[in-house]
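Take a look at the structure set out below.
The values are calculated or read from the model by the stated rules, or taken from the named source; none is laboratory data. All values derive from a computational prediction rather than experimental measurement. With ideal geometry, Cβ positions are generated from the backbone for all residues, glycine too; neighbour counts draw on all protein chains shown.
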């Protein structure tokens, strides 16, 4: 699913990179653009949050009055939401979209050749498969405490004999190698040809560079946790002249090498394709990501408590709010530095946005807007124009034989008076009154929709 959203994000990222020429700075522009696109949703979220704080006292009253009647509690709560124009889910949407963008950015950051370059996709795939193939076999040879040079020496420089050693169906040390080159009795002819072709390509690489396995398994040169699963990032290690003089780059397609050599996949000299650890300067990125996310959480919590002092923060909300900084710390240490840098940028803009929205959209301003909207809604309801939610609530009440108006309409006092009068009636009188109300409700519905009404 995330790859589906990664494609349009990749187009946007490609445009930013072509404009800037540096991936780290282009990521900053990308984050700004996505934040601006989401600003209308964020404004809506801010308004909804303030509206929720305004109706909090009334919500508490409803809970106390109908706490044991779940159906009535939900009904009255929805009526209150409708009256004040509150969407309880509005605050969740921007957060969900932010998380969707974050996880959709992972394949974009993992695959700059795939999403940012203009290279032919088949060429990129071939390059990635070559790196992944060499890395998988080399890692298993290293785990078996050997090298290709040793294996060739022990087997008279005969690759056919080396193949008999490392490509065995029952071998515990070379499982991935067997998956790549192994041929079973039931292997189809086309698959046999493909595996034989792949083995020949593998041999050609090691004939050209017998020691390439020691390069690709060197963790100082290449991230071992990514080279097999995300070989595209290792492309930049192959063309880096500071790593074995980039002498192994000729195993990759020329167009891929040319693009990787000219691609600025860095930020202040730090490679954004590497995974941060405490032994490198890249550790600054996860730490800064954690600090900024924590500041965003504290500032957001401050404005929430200021706007709604009576609201109590539940344990789930606390875990979610204060868990996000820890989540950002974890994800920045688990994924390439580019993702952590994106999280830093996102937190920076989130902090500025939080301060801006809480200054512009204050509770006093939102209260004025709500009052104006309530007046307009009052006039609209008088003219008989109901929203979908209002019609649904009215039909639900009519079907139950209750008054069509909500307890949050303008005649609240009259309803309370009727309720107190009903309590004084006998059971027979109350039953008759309910029957009359039900018939009146059915009559109103029949008149509204042009149906024929017959009293029971």
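For region 229-253, a residue qualifies if it is part of a helix (DSSP H, G or I) and in contact (Cβ under 8 Å) with a residue 60 or more places away in the chain, and the qualifying residues are 231, 232, 233, 234, 235, 238, 251.
Looking at region 339-356, can you tell me whether even one residue there is at pLDDT below 70 and more than 25 Å from residue 270 (Cα to Cα)? Lay out the reasoning, then the answer.
Step one: filter region 339-356 for residues at pLDDT below 70, giving none.
Within region 339-356, none of the residues are at pLDDT below 70 and more than 25 Å from residue 270 (Cα to Cα).
Just name the residue that is nearest to residue 147 (Cα to Cα) out of those in region 170-187 that are part of a helix (DSSP H, G or I) and touching a residue at least 24 places away in the same chain (Cβ under 8 Å). Within region 170-187, the match that is nearest to residue 147 (Cα to Cα) is 177. The residue list 7, 31 contains one member that is modelled with pLDDT of 80 or more, under 16 Å from the mean Cα position of the chain (by Cα) and surrounded by fewer than 16 Cβ atoms within 10 Å (Cβ to Cβ), which is 7.
Tell me, yes or no, whether region 146-162 has at least one residue that is farther than 20 Å from residue 212 by Cα, in a helix (DSSP H, G or I), without any contact (Cβ under 8 Å) to a residue 12 or more places away in the chain and assigned by TED's automatic domain parsing to the domain that holds residue 204. There is no residue in region 146-162 that is farther than 20 Å from residue 212 by Cα, in a helix (DSSP H, G or I), without any contact (Cβ under 8 Å) to a residue 12 or more places away in the chain and assigned by TED's automatic domain parsing to the domain that holds residue 204.
Does residue 104 satisfy being within 30 Å of residue 26 (Cβ to Cβ) and not in a helix (DSSP H, G or I)? Break it down stepwise before answering.
Details: within 30 Å of residue 26 (Cβ to Cβ): yes; not in a helix (DSSP H, G or I): no.
It is false that residue 104 is within 30 Å of residue 26 (Cβ to Cβ) and not in a helix (DSSP H, G or I).
Restricting region 254-296 to residues that are part of a helix (DSSP H, G or I) and in contact with a strand residue (DSSP E or B) (Cβ under 9 Å, 6 or more places away or on another chain), the residue that is surrounded by the most Cβ atoms within 10 Å (Cβ to Cβ) is 285. Pairing each residue of region 37-56 that is assigned by TED's automatic domain parsing to the domain that holds residue 353 with any residue that is part of a helix (DSSP H, G or I) and at pLDDT 75 or above, provided the two are 6+ apart or on different chains, yields C-beta distances under 7 Å for 38/97; 41/97; 42/353; 42/357; 43/357; 46/357; 55/80.
Taken together, the residues in region 46-80 that are assigned to a loop (DSSP other than H, G, I, E, B) and under 22 Å from residue 92 (Cα atoms) amount to 1.
Residue under question is residue 331, and the condition is that it be at pLDDT 90 or above and in the same structural domain as residue 104 (by TED's automatic domain parsing); does it hold? Don't jump to the end; show me each part of the working.
Details: at pLDDT 90 or above: no; in the same structural domain as residue 104 (by TED's automatic domain parsing): yes.
It is false that residue 331 is at pLDDT 90 or above and in the same structural domain as residue 104 (by TED's automatic domain parsing).
Residue count for region 68-94 under the criterion of being touching a helix residue (DSSP H, G or I) at 6+ places or on another chain (Cβ under 8 Å), at pLDDT below 75 and at negative phi: the result is 10. Evaluate the following for residue 246: is it closer than 26 Å to residue 25 by Cβ and more than 36 Å from the chain's Cα centre (by Cα)? Here the answer is yes, as residue 246 does meet what is asked.
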